[in-house]
Each structure stands twice: as structure tokens, then as C-alpha cells.
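Participant: Handing you this structure, nothing more for now.
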């Protein structure tokens, strides 16, 4: 689907809306891989009303819309993407509000708020529940959409309700039981998460600080956190022989693929599930390397890998 822009960048889609628009916008700097192409239009809505109206207009005009979070679980193809890419980075999307009366147990968080900052601020308020997510790069909305987590827990464990705007601009609230969180998955319908209410637990600040330090130290010891990567490339698959989930990184290691390289993309020698970029890498290098790793892992172990990282390609759904 295409969209015609006039030279000034004003279109019928967003000329009168409270938004910031960048045409032919480079996206590499918005992703953790730091590679990839451009968006026809990068749009930053400054209010919920502007977002809903923009989505209604895009839906009516058959303009493709994508939402860009922290770019931590995303690879944009070298040719870029068509249509509108939405970025929720205005102040209204980054609020953190704790309940004002009685013991603090609930936090309402904007979907555009950085997850690491949210973990830090709730821990400073002596509230436990988010510390299992330490080290996971994400905004709150993206973390909820994919039920981000790891061996210590997932964000769905503490979500109580979620605000969502569908692609046609309709706003609705979903309770925890309607969302049905699973492994790296939620059953939220298509659309953009705008806020969430999280149920947290008052905790002893010293114990919470020590637990947070232990989780952080563990992740630093097993993951190449300083490298240009998007975290784990693949979900941990179910071993058909046992019916149990097995570490994708361990399977890649057993297949002898650590250090495997395609162009400027390489499988980390520290953790096989981290595919990293080096200077001069292209998005296509990562696309080709991810396919090679999945194929070779299946050939050598008999277990299929499913990508956790989302690939954006022009013209694809």
C-alpha cells in the first residue's frame, strides 16, 4: 500500500493533527541492531486523540501502519517499509502513576515508557514484581504485546488491565483474563497498546535491591549485553521427544554454530541465541544468518526454531 506525500510533508492523514512527522525517516538509529532502511513516514502522536484519529484515517485510506517501540526486538530490512510507522515517545505515553490512596499496590504505566526505567522507579518505591525483567530492553507496550520475560518471570504475571487502540481507531480496555498470556505471546487483538495497570507487591527495600542485583549479575554473566543485538533471536522451542521447552541457545551451541558469520552479522560466542552486528553489517546479513542458523540447528538437532525477533519488510504483512 502506498501513500502520496506532498513536498512539505503535509498529507490528509495528519495535516491537522497534534503529531510530529518525519518523511523518508531512517529507522536504523531507532533499533538495537542499528541497521536497516527507512520509513515512508515516522509519526509521533502527542495525544491519545491524535493517535486514534490517525489510525482511523489510515484504516479508511488503506495505509499500512506499524508501531515502533524501543526497537529491541526488531529488524528492519534494508529496503525499509511503506506507510506510517508510529512512535509513542511524547510525554503522555511515558507516565508512571501509583495509586494515591492506601498501600501502593497498583501502577498505571504508559506504553511508551522505558521498561528499565519503570523497573528502577518501582523498585525505588519498594514495589516488587518487575525485577524479573531486569536486562530486557523494551518499552512497556511492546513487552506486554509479546509477554516479555525470562527464567525469572514474565510481565504478564503482573498485568491487570491494558488499554489498546485497534487499527481502526477504536479504544478498548482488556482485563488480564481476556488477554491470555503465554510463552512470549499474548492474545491481545491487533492494534497499539497505550497503557497498562500493573499489580505490584510492597517489599523490603534491602531484599528487593539484593534480588535485583542477583538477577542483573546473572544476566550479565551469560548474555553479551554490550553487543549490537536484539536479545534472543529465537524462542525456546518445545523438544518433541520430551514435550519440554529447551534452550534455543543451547541447541545452537550443540549444533556448533557459535561464531558463525554472514557478512557483518555473527552468532555470539558467549550465547548462541544472540545474533550480533558489526560495523558495516546490513540487515540482509542478519536475515540470511538467522535462516542459516535455524536450518542448520534443525538439521543437526531435529528441533525447529521460531524467531522471537520481528522482521519488517516492505510490502509484507
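Every residue, every condition in (1) at pLDDT 95 or above; (2) assigned by TED's automatic domain parsing to the domain that holds residue 232; (3) out of contact with any strand residue (DSSP E or B) (no Cβ under 7 Å at 6 or more places or on another chain); (4) part of a loop (DSSP other than H, G, I, E, B), yes or no:
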residue: 270; (1), (2), (3), (4): no, yes, yes, yes
residue: 286; (1), (2), (3), (4): yes, yes, no, no
residue: 297; (1), (2), (3), (4): yes, yes, yes, no
residue: 303; (1), (2), (3), (4): yes, yes, yes, yes
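Participant: Please go through segment 38-87 and pick out each residue that is surrounded by fewer than 23 Cβ atoms within 10 Å (Cβ to Cβ), at positive phi and in a loop (DSSP other than H, G, I, E, B).
Facilitator: 62, 80
Participant: Right, something else. Given (1) in contact (Cβ under 8 Å) with a residue 40 or more places away in the chain; (2) touching a helix residue (DSSP H, G or I) at 6+ places or on another chain (Cβ under 8 Å); (3) not in a loop (DSSP other than H, G, I, E, B), identify the lone condition not met by residue 266.
Facilitator: (1) is the only condition that residue 266 fails.
Participant: On to the next question. Do you know which residues across segment 18-37 are under 16 Å from the mean Cα position of the chain (by Cα) and surrounded by fewer than 18 Cβ atoms within 10 Å (Cβ to Cβ)?
Facilitator: Within segment 18-37, 28, 29, 34 meet the criteria.
Participant: Residues in segment 2-17: is at least one closer than 21 Å to residue 70 by Cα, surrounded by 15 or more Cβ atoms within 10 Å (Cβ to Cβ) and at pLDDT 90 or above?
Facilitator: In the first step, residues of segment 2-17 are kept if they are closer than 21 Å to residue 70 by Cα; the result is none.
No, segment 2-17 has no match at all.
Participant: Among the residues of segment 164-195, how many are on the phi > 0 side of the Ramachandran plot and out of contact with any strand residue (DSSP E or B) (no Cβ under 6 Å at 6 or more places or on another chain)? Walk me through how you get there before you give the answer.
Facilitator: Quick first cut of segment 164-195, residues on the phi > 0 side of the Ramachandran plot only: 169, 180, 184, 191.
Now restrict to residues that are out of contact with any strand residue (DSSP E or B) (no Cβ under 6 Å at 6 or more places or on another chain): 169, 180, 184.
Total satisfying the criteria: 3.
Participant: Just the residues that are touching a helix residue (DSSP H, G or I) at 6+ places or on another chain (Cβ under 7 Å) and either surrounded by fewer than 17 Cβ atoms within 10 Å (Cβ to Cβ) or without any contact (Cβ under 8 Å) to a residue 40 or more places away in the chain (or both), please, taken from segment 180-196.
Facilitator: If the condition is that a residue be touching a helix residue (DSSP H, G or I) at 6+ places or on another chain (Cβ under 7 Å) and either surrounded by fewer than 17 Cβ atoms within 10 Å (Cβ to Cβ) or without any contact (Cβ under 8 Å) to a residue 40 or more places away in the chain (or both), then 181, 187 are the ones that fit.
Participant: Condition (residue is at pLDDT below 95 and surrounded by fewer than 17 Cβ atoms within 10 Å (Cβ to Cβ)) applied to segment 136-151: is it met by at least one residue?
Facilitator: Looking through segment 136-151, at least one residue is at pLDDT below 95 and surrounded by fewer than 17 Cβ atoms within 10 Å (Cβ to Cβ).
Participant: Hey, another quick one. Since residue 117 meets every condition but one in (1) assigned by TED's automatic domain parsing to the domain that holds residue 145; (2) crowded, with 17+ Cβ neighbours inside 10 Å; (3) modelled with pLDDT of 95 or more, which condition does it not meet?
Facilitator: Unmet condition: (2).
Participant: Looking at segment 39-53, which of its residues are in contact (Cβ under 8 Å) with a residue 60 or more places away in the chain and either farther than 20 Å from residue 16 by Cβ or touching a strand residue (DSSP E or B) at 6+ places or on another chain (Cβ under 6 Å) (or both)? Give the steps one after another, and end with the answer.
Facilitator: Initial filter on segment 39-53 (in contact (Cβ under 8 Å) with a residue 60 or more places away in the chain): 48, 51-53.
Residues satisfying the conditions are 51, 52.
Participant: Can you name every residue in segment 183-198 that is at pLDDT below 95 and outside any loop (DSSP other than H, G, I, E, B)?
Facilitator: Scanning segment 183-198 gives a single hit, 185.
Participant: Can you pull out the residues in segment 274-284 that are part of a loop (DSSP other than H, G, I, E, B), out of contact with any strand residue (DSSP E or B) (no Cβ under 6 Å at 6 or more places or on another chain) and in contact (Cβ under 8 Å) with a residue 24 or more places away in the chain? Write out each step before concluding.
Facilitator: So in segment 274-284, the residues part of a loop (DSSP other than H, G, I, E, B) come out as 278-282.
In the following step, the residues that additionally are out of contact with any strand residue (DSSP E or B) (no Cβ under 6 Å at 6 or more places or on another chain) were identified as 278-280, 282.
Result: 278, 282.
The values are calculated or read from the model by the stated rules, or taken from the named source; none is laboratory data. Everything numeric in this text was worked out from a predicted model, so none of it was measured. Glycine also receives a Cβ, built like all others from the backbone with ideal geometry; neighbour counts cover every protein chain displayed.
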